[in-house]
Amino acid sequence: MNDLLTGIETAFHLILAVDPQVFDIAIRTLQITFSSVLISTIIAIPLGSAITFREFPGKKTLISLIQTLYALPTVIVGLLCYMLLSRSGPLGDLKWLFTPNGMIFGQTILIIPIMAGLTIAALQAIDPIITDTIKSLGATRLQFLKSHLKEARFAIMAAIIVGFSRAISEVGTAIMIGGNIKGHTRVLTTAISLQTSMGNFNLSLALGIILLAIALIINLGMGFVQNR
Amino acid sequence: MIKIEQIKKEFEGKEVLTGVSETIQKGEIFAIIGPSGQGKTTLLRILNLLETPSSGQILVDGERIRDATNSSHFRRRMGMVFQSPVAFRDSVYNNIALGLRYRGFSKEEIHEKVTQKLKEIGLSGYEKRKATTLSGGEKQRVSLARVMITGPDILILDEPTANLDPVSTEVIETLIQHYNKKLGTTVILSTHDLMQGQRLASRVAVMMDGRFIQSGSVFDVFTRPCSAEVAKFIGVGNILKGSVARNEWGMAVIRVHGVDIHAIGELPVGSVVNIAIRPEEIMLHTGADLNTSARNIINGTIESVRPFGIISLINVVSGELALSVQVTWQSIRELDLKSGVPVTLSFKAPAVHIMPDECPHENI
């Protein structure tokens, strides 16, 4: 109990004092997470839309596979990305291993299935009569898609929030691809992991509270946008 | 002009439409009536290019609507309002403006047209309201406005008032008539509300077993049903089976449960026929003072009185023959009509409509 209180006190001290190291880690965390969420959104929403509105053999199996990937362990993604990005791997020439770009790559792979799957669920939940009305009004393909995404905007926003939450809180990929290099690839989760292994529970707890606070602020912000 | 040619549609091996053919003239209100599950909605969806027929074709002004090159052009010439009112999760203004945005209208044009349409449907001031919070009747008015704002030549309505209260139904019907008369929009509507079919339509088609088994003017269909099945559906209370006993003076005398009924026309003696007599065509008399020129006069006794609002249906039996008669609530009170009272029924020979078991194919 004492450790917990001390941890909270330390967290407030670090936040209020604008500790440069903590600030640097927090900013990097946000940069990497936002980048991966942005890239995933650009890929997952059109992908989810295409899967929803196109008929092809194996569609149901593909949707089941995407849903299965929701539970993809971060260390598996980390391992896969490590093999892809390592010098001898197929993407070795990018030289992204132990870089923020590599971490963005890993997190993107991790959250695309979640965001695509939830986009599919959101679009499939639209009343078929809405689809009929859109078609009946003479929408072009692009207008058809835009109207559906607008109609499902709250559920799609939720998909983005879930993707963001998964990305900001994951540690397996970040540590395996990023390597937790101080001032370069260290993010809040990897810093917590390191400080805990070093026995600095107060600092770990403080960083955890900062992580939660960031997630809370972002979620509240997105929720505000949703309710407008 | 819309020409429907032998449209068939199968769903998972089940034939829902079995060959629908009809010609609908420009500017008319054409009502499709029929029991539920007979394919009315499927046909309307095919007309609106939401479904593909298994075979057959639809031509509008001589052009096939499903040709890849012009299907989007035809879709934009039509508009469809569905049975369930459709409201997008957006403002009433944006709901109505949707079709105009698809067509690339400017903001100013959209504003002008939406304002005008809101006025027409009686929802001025509702611009910013969320459409999902409107009542069913209001939502259906928005649905109609969303379609009509695009200026379609053909308005397709699939049971547009099935879920609405009588007041909202009247508002929607008035709007439909307004658009038909003012803009000359061809209206094709399905309904199982027979009164609505009669109120709105210039022509009616009866859909049963996936095809039109009878079509014609409202008067023809509702007074000359082509089969006992159609007569039953359109609410002809007295559908009887009898055999032709003889022909006299250009009239067939049909024996029904031992009672001779005169009908216009000559038929082969001994042939079995169905006859329909509308309850409102039968006069009911009490006492000996019978002043009528009607050919058919039947004595009987009241078996039951069934009230239907201000009108009641009185069931009269004469031996094994039972006939329903429509009488006002006031007459029932004045004449003290109740079970067991002896009465005389009279109806003219033209009121007796002779029908075959099945509609002849000429009606299709």
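Data table
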quantity	calculated
Residue mean of other protein chain beta carbons inside 10 Å, B:88-99	3
222 nm mean residue ellipticity, helices alone, for chain B (DSSP H n ≥ 4; -39,500 (n - 2.57); rounded to 500)	-7500 deg cm²/dmol
Percent breakdown of C-alpha pair distances by 10 Å bin, ordered from the shortest bin, for the range B:1-160	10, 35, 31, 20, 4, 0
log₁₀ of I(q)/I(0) at q = 0.05, 0.07, 0.12 Å⁻¹ - the protein assembly as shown, Debye sum with one point per alpha carbon	-0.40, -0.65, -1.16
Measure of compaction for the range B:299-364 (Cα Rg per 2.2 N^0.38 Å)	1.41
Distance from the range A:12-29 to the range B:52-102 (C-alpha centre basis), Å	57 Å
Residues of the range B:252-273 with amide N under 12 Å of a point placed 7 Å along Cα→Cβ from residue B:243	B:255-258, B:269-273
Equivalent ellipsoid semi-axes - Cα gyration tensor, the range B:146-286, angstrom	39, 16, 13
Residues with amide H under 5 Å from that of residue B:91, placed H, sequence gap 5 or more	B:131
Of all DSSP beta bridges in the protein assembly as shown, antiparallel share, percent nearest 5	80 percent
GNM result for chain B, Cα springs below 10 Å: residue of B:27, B:13, B:37 fluctuating most strongly	B:13
Scattering profile of the range B:69-208 at q = 0.17 Å⁻¹ [log10 I(q)/I(0), Debye over alpha-carbon scatterers]	-0.93
Distance in nm between pseudo-label sites at residue B:128 and residue B:61 (7 Å out along the Cβ direction from Cα)	4.2 nm
Of A:11, A:213, A:116, the one that fluctuates the most in a GNM where chain A has Cα springs shorter than 10 Å	A:213
The range B:35-84: relative contact order in percent, alpha carbon pairs under 8 Å with at least 6 residues between	28 percent
Equivalent-ellipsoid semi-axes of chain B, from the Cα gyration tensor, Å, largest first	47, 26, 15
GNM flexibility winner over chain A from A:140, A:173, A:99 (Cα, springs under 10 Å)	A:140
Ellipsoid equivalent to the range B:9-91 - semi-axes via the Cα gyration tensor, in Å	20, 19, 15
P(r) tail fraction, the range A:1-52 - alpha-carbon pairs more than 14 Å apart, %	69 percent
Neighbouring partner chain Cβ atoms per residue of A:127-136, average, 10 Å criterion	6
Which of B:192, B:262 has the fewest Cβ neighbours within 10 Å, and the rest in rising order	B:192, B:262
Evaluated over the range B:218-301, the Cα radius of gyration and Dmax, each in Å	13.7, 38
Charge dipole (the range A:1-66, unit charges on Cβ, about Cα centre) - positive-most of A:30, A:48, A:5	A:48
Burial ordering of B:161, B:52, B:23, B:344, fewest other beta-carbon atoms within 10 Å first	B:52, B:23, B:344, B:161
Translational D in µm²/s for the range A:115-223 (Stokes-Einstein at 4 °C, 1.567 mPa s, Kirkwood Rh from C-alpha pairs)	78 µm²/s
Values of log10 I(q)/I(0), in the order q = 0.08 Å⁻¹, for chain A under a Debye, Cα-only, solvent-free model	-0.36
Diffusion constant of the range A:1-92 at 10 °C, which comes from Stokes-Einstein with the Kirkwood Cα-pair radius and 1.306 mPa s, µm²/s	91 µm²/s
Two-site FRET efficiency, residue B:112 against residue A:135, from Cβ-Cβ distance with R₀ of 45 Å, rounded to 0.05	0.95
Size descriptor, Kirkwood hydrodynamic radius, that averages inverse alpha-carbon separations across the range B:56-143, Å	14.6 Å
Candidate aspartates and glutamates - alpha carbon under 14 Å from residue B:113, same-chain residues fewer than 8 apart omitted	B:127
Translational diffusion coefficient (Stokes-Einstein; Kirkwood radius from C-alpha pairs) of the range B:198-355 at 37 °C, 0.692 mPa s, in µm²/s	197 µm²/s
Separation of alpha-carbon centers, the range B:200-218 and the range B:240-258, rounded to whole Å	29 Å
Violating pairs (Cα-Cα greater than 19 angstrom) within the set A:150/B:130; B:14/B:40; B:3/B:232; A:146/B:9	B:3/B:232; A:146/B:9
Dipole moment magnitude, nearest 20 debye, the protein assembly as shown about Cα centre, only Lys, Arg, Asp, Glu C-beta charged	1740 debye
In Å, descending, principal axis extents of the Cα set of the range A:121-171	48, 19, 12
C-alpha center-to-center spacing [the range A:37-85, the range A:140-209] in angstrom	17 Å
Cβ-based exposure ranking for B:207, B:283, in which fewest neighbours within 10 Å come first	B:283, B:207
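Coordinate-derived values only; no laboratory data. Everything quoted here is computed from the prediction, not taken from an experiment. Heads up, the Cβs are rebuilt from the backbone with ideal geometry, glycines too, and the neighbour counts pull from every protein chain shown.
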